[in-house]
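Before any comments, here is the structure.
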Amino acid sequence: MAKVENELPVHLMHGKPQKKSKGYYYVTPDGKQKYRTRKENYQQKRSPKQKWHTAAFVFAHQQMAQLWLDETARLQIEAEWKQAMHYTPDGHYYPEPKGWRFAILVQQWKNEHPYEQWYEDYLRIISDTAEKKTASESTSDYMLRRQIDILTAQLEELRARLNQNG
């Protein structure tokens with residue numbers, strides 16, 4: 001029998017072994033392999049601007065799913081893409097008609113829903129939700145503190161307006 005020797009050491013694992021894994025592998029500076037679990041909540045805390053961009057992407061994905069299934073719409077998009085010479089109205093080049101149309105749909109949604117107006121509606125929804133939660137019998141301390149913060153901010157804004165007028 002032949003004696004087999006590997007010149008390279010066994011490769012250590014890095015990162016998540018599977019998409020649904022709870023944790024990931026990493027290697028310490030002294031060469032030991034360890035496994036660490038972590039909660040993946042890094043996408044839960046997003047700024048309002050990120051949520052506005054996400055809403056635009058959701059709209060564009062929904063529209064593209066419908067448009068791309070229809071053969072005539074797809075051919076029309078490809079013809080428009082060729083006529084536009086692969087450029088969107090804001091000057092970005094797209095080598096594929098699908099990406100080109102997606103960018104146009106995102107821009108269309110953003111034009112129809114300007115950030116300032118969307119943000120006012122967003123704040124209104126949050127304050128309505130907070131009012132409903134604080135009016136219920138089982139109100140959390142967090143919601144009470146949040147409502148106090150909102151009312152304090154409104155009070156400061158009203159005082160600033162009064163000082164400007166006065």
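The values are calculated or read from the model by the stated rules, or taken from the named source; none is laboratory data. Predicted model only: the values in this text are computed from it and were never measured. Counting neighbours? That spans all protein chains shown, and the Cβs are built from the backbone with ideal geometry, glycine included. Keep in mind that these areas ignore ligands, DNA and RNA; they rest on the heavy atoms of the full protein, side chains included. Shrake-Rupley method; radii C 1.70, N 1.55, O 1.52, S 1.80 Å.
Quick notes on this one:
- Segment 134-146, subset surrounded by 11 or more Cβ atoms within 10 Å (Cβ to Cβ) and within 26 Å of the chain's Cα centre (by Cα), residue nearest to residue 53 (Cα to Cα): 146
- Within segment 37-96, the residues that satisfy the criterion of being of a type in the set (Ser, Thr, Tyr) and surrounded by 13 or more Cβ atoms within 10 Å (Cβ to Cβ) are 88, 94.
- Selection count, segment 69-89, where residues are out of contact with any helix residue (DSSP H, G or I) (no Cβ under 7 Å at 6 or more places or on another chain) and assigned to a loop (DSSP other than H, G, I, E, B): 4
- Across segment 121-133, the number of residues qualifying as under 23 Å from the mean Cα position of the chain (by Cα) and open to solvent by 100 Å² or more (accessible area, probe 1.4 Å) comes to 2.
- Checking residue 105 against (1) over 18 Å from residue 51 (Cα atoms); (2) in contact (Cβ under 8 Å) with a residue 24 or more places away in the chain, the condition it does not meet: (1)
- Scanning segment 97-115 for residues that are outside any loop (DSSP other than H, G, I, E, B) and open to solvent by 60 Å² or more (accessible area, probe 1.4 Å) yields a count of 5.
- In the set (1) of a type in the set (Phe, Trp, Tyr); (2) open to solvent by 70 Å² or more (accessible area, probe 1.4 Å); (3) under 23 Å from the mean Cα position of the chain (by Cα), residue 118 fails one condition alone, (2).
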